[in-house]
Amino acid sequence: MWAFFERILDSSMFSPHGICLLWEPELIWLHVVSDAVIAMAYFSIPFALAIFVSKRRDLKFGWVYWSFGIFILACGLTHILSIYTLWVPIYGIEGLVKAATAVASIVTAGMLWPLLPKLLTIPSPFELRQAQEALKEEESKGRDSEQLLQQFRQTQQALRESMARLTAVVETAVDGFILIDARGRILLFNPACERLFGYRADEVFHENVKMLMPQTYSSHHDDYIQNFIRTAERKIIGIGREVVGLRKDGSTFPMDLSVGEAQQDGESIFVGIIHDLTGRKQTEEQLRQAQKMEMVGQLSGGIAHDFNNLLTVIVGNAEHLSEQLKSRQDLQRIADDICQAGERGAEMTQRLLAFSRRQLLQPRPTDCHELLDSMRKLLRRTLRENIDIQITPTADTVLAFADRAQLESSVLNLALNAQDAMPNGGHLTLSTGVASLDAPYQSLHPEIEAGEYAVIAVTDDGVGMTTEVAARAFEPFYTTKEVGKGSGLGLSMVYGFARQSNGHVSIYSEPGLGTTVRIYLPHVATGGRKPSNQIKADEQSVPRGHETILVAEDDPFVRSSVILRIESLGYSVVAAVNGDDALLKLRAHPEIDMLFTDIVMPGGMSGWELADLARQVRPGLPVIYSSGYSLELLAQQGRAPAQSIILVKPYRKAELAERLREALSANSMVS
């Protein structure tokens, strides 16, 4: 065997192929280049197959690729040897390589044919595309189903969120929302409606909405709904109008009503949006009053200006006549009377100018307490001896930015008016202080600005004024005094001076009890006062509670304001319109913890009497009194029981909160 290989591998007796080609260069290089290119091509194929098989681990017949690669590699090697034998006659080696290549080809072919049936079962590209399309269709159907399910879930979530938002809007809305069916039964009654009408929602559910209307509206309501359903004739629906609402306590209030229609289960339902017009009506009335005063002021100013010109001529000529008629005493007295009458007319025109705010002012910081103290002797000489004068300043210095002379004149005018209101004598109290007029007070008096004001209050315990008289008290020439005893310009001068000084004047009066007139003037801050931001911080941290409070107040606007403030502090409120109603509510509601009552109420029962009767029903019941009179006057008149808690109108919310807790805490300590 070894001799066979030695004989085959021995190339000493052979000649290279180049001799056969006569060493022709063109033929030589033609063979070299061709074989080299073929060999490179063969060698690249196994390399590509190796990369393919190593990357595709999922191939079922990967070993076939390796066998085929070896075969191709051997084929390439034969071409390399063909190049080499052109110069070196190693035909034995070349033959062995070809023999190995033949074996590799046979082995590869022998393995390939048995695999042919299995290879034929591999899907064709067309079949793969069909399978992929079918799979995509199934996936698309699955995605559509999932998408529909997701859309359904999203729709449900959006519906829940929409209902939550709608509920939040309805529950927190300032305006009232009422939902009724085609028979007028109430289906929805939001918290704003509870505050407006005084009913709880569970008290009105499935009740006819007519219970919230006065007789003039309720008698036609059902007919209107049926007429709309039958004819679609619109009177309020989609339009809205101003109507009147009826509260649980029997009081009425103006409101703007807008109604919309919808369909539910094939039946009409109606939603009503209610806006309380009480504040706007009150503001409009205040604005009309302010405009009227402004028009009267302009007219008075014009008249005073022209009248002063006439008086200048009259007084000047009268003085000249007086000088010329020294020899005629009788005629000189007539001239002097004309001159004095002219001077009185000039005083009246000065007051008219003060009312019309056309007088020349020289404002400067003025110590209100020092001013009142300096006027003590003047007031004592001016007023009757049966008038007791008391000056009660605050502990802190109160500086007003105002004309001192005009302020003194205003205080004197108020003192003289107070004297006339006390024909049999009485108490005159002058007090000072600082008041913060807030936004709610400004809404009642739109002509002023909210902020801190220096206050001088003049209080008497005279005959007092009716509401009608107090409403016209500032009008020029308006007076209730007898002819010749008053010009009707005293209060109008005070009003004009305060307005020209960027201030305000208020009157609180009750027939038979007396009057308090407060002059509000711009306040000059001192180091002893809290800064405004501290006051706001105090109001934000006011004490709160959860007790039930009975509020007795006859004025519906004041009652609504008090209830709103007390409820905002966390308390529950039971409202009463007078003393008799308050006693009925006290007996009907054992959960009541406190009585909050106005002192002056109609019906013959005052706040003092109500408190006494209430304590007979409920011994130890804490009571807070509310009044527009000063504490000094109430104490002097002996009407305030010992250790009474009295809130003087107007008061701030922080003061109300403190007094409520003070009264409740004092009662708990006693019990």
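Within region 416-439, restricting attention to residues that are surrounded by fewer than 16 Cβ atoms within 10 Å (Cβ to Cβ) and either within 38 Å of the chain's Cα centre (by Cα) or on the phi > 0 side of the Ramachandran plot (or both), which residue is modelled with the highest pLDDT?
Of region 416-439, the ones surrounded by fewer than 16 Cβ atoms within 10 Å (Cβ to Cβ) are 416, 423-425, 438-439.
Still in the list and also either within 38 Å of the chain's Cα centre (by Cα) or on the phi > 0 side of the Ramachandran plot (or both): 425, 438-439.
Values: Gly425: 88, Asp438: 74, Ala439: 72.
Step by step, filter region 416-439, then rank; the result is Gly425.
Looking for something among the β-branched types (Val, Ile, Thr), out of contact with any helix residue (DSSP H, G or I) (no Cβ under 6 Å at 6 or more places or on another chain) and either modelled with pLDDT of 80 or more or within 30 Å of Cys20 (Cα to Cα) (or both) - is there at least one such residue anywhere in region 121-139?
No, there is no match, as no residue in region 121-139 is among the β-branched types (Val, Ile, Thr), out of contact with any helix residue (DSSP H, G or I) (no Cβ under 6 Å at 6 or more places or on another chain) and either modelled with pLDDT of 80 or more or within 30 Å of Cys20 (Cα to Cα) (or both).
Every residue in region 572-606 that is touching a Gly at 6+ places or on another chain (Cβ under 8 Å) and in a helix (DSSP H, G or I), please.
Gly579, Asp580
Any chance region 189-201 includes a residue that's at pLDDT 85 or above, over 30 Å from Gln442 (Cα atoms), among the hydrophobic types (A, V, I, L, M, F, W, C) and assigned to a strand (DSSP E or B)?
yes
If only one of Ser561, Ser568 is modelled with pLDDT under 90, under 30 Å from Thr172 (Cβ atoms) and in contact with a Lys or Arg (Cβ under 9 Å, 6 or more places away or on another chain), which one is it?
Checking each option against the conditions leaves just Ser568.
Here is a check on your reading of the model: is Asp58 over 24 Å from Ile106 (Cα atoms) and either more than 60 Å from the chain's Cα centre (by Cα) or at pLDDT 80 or above (or both)? Outline the logic, then answer.
Values: over 24 Å from Ile106 (Cα atoms): yes; either more than 60 Å from the chain's Cα centre (by Cα) or at pLDDT 80 or above (or both): yes.
Spelling it out, Asp58 is indeed over 24 Å from Ile106 (Cα atoms) and either more than 60 Å from the chain's Cα centre (by Cα) or at pLDDT 80 or above (or both).
Looking only at region 607-626, which residues are closer than 18 Å to Glu547 by Cα and outside any loop (DSSP other than H, G, I, E, B)?
Of everything in region 607-626, those that are closer than 18 Å to Glu547 by Cα and outside any loop (DSSP other than H, G, I, E, B) turn out to be Ala614, Arg615, Val623, Ile624, Tyr625.
Give region 517-555 a look and list any residue that's in a helix (DSSP H, G or I) and either at pLDDT 90 or above or within 30 Å of Leu414 (Cβ to Cβ) (or both), or say none.
Those that are in a helix (DSSP H, G or I) and either at pLDDT 90 or above or within 30 Å of Leu414 (Cβ to Cβ) (or both): Ser532, Ile535.
Could you grab the pairs with beta carbons closer than 8 Å, sequence gap of 6+ or different chains, first residue in region 368-397 and outside the structural domain of Tyr453 (by TED's automatic domain parsing) and over 14 Å from Val458 (Cβ atoms), second one of a type in the set (A, V, I, L, M, F, W, C) and surrounded by fewer than 14 Cβ atoms within 10 Å (Cβ to Cβ)?
Cβ pairs passing all conditions: none.
Just checking, which of Met594, Met601 is crowded, with 16+ Cβ neighbours inside 10 Å and at pLDDT below 90?
Met601
Given (1) modelled with pLDDT under 85; (2) buried (at least 17 other Cβ atoms within 10 Å of the Cβ); (3) within 30 Å of Arg472 (Cβ to Cβ); (4) touching a strand residue (DSSP E or B) at 6+ places or on another chain (Cβ under 9 Å), identify the lone condition not met by Ile387.
Single failed check for Ile387: (1).
The values are calculated or read from the model by the stated rules, or taken from the named source; none is laboratory data. Keep in mind that this is a model prediction, so the values were computed, not measured. Neighbour counts run over all protein chains shown; Cβ positions are idealised from the backbone, glycine included.
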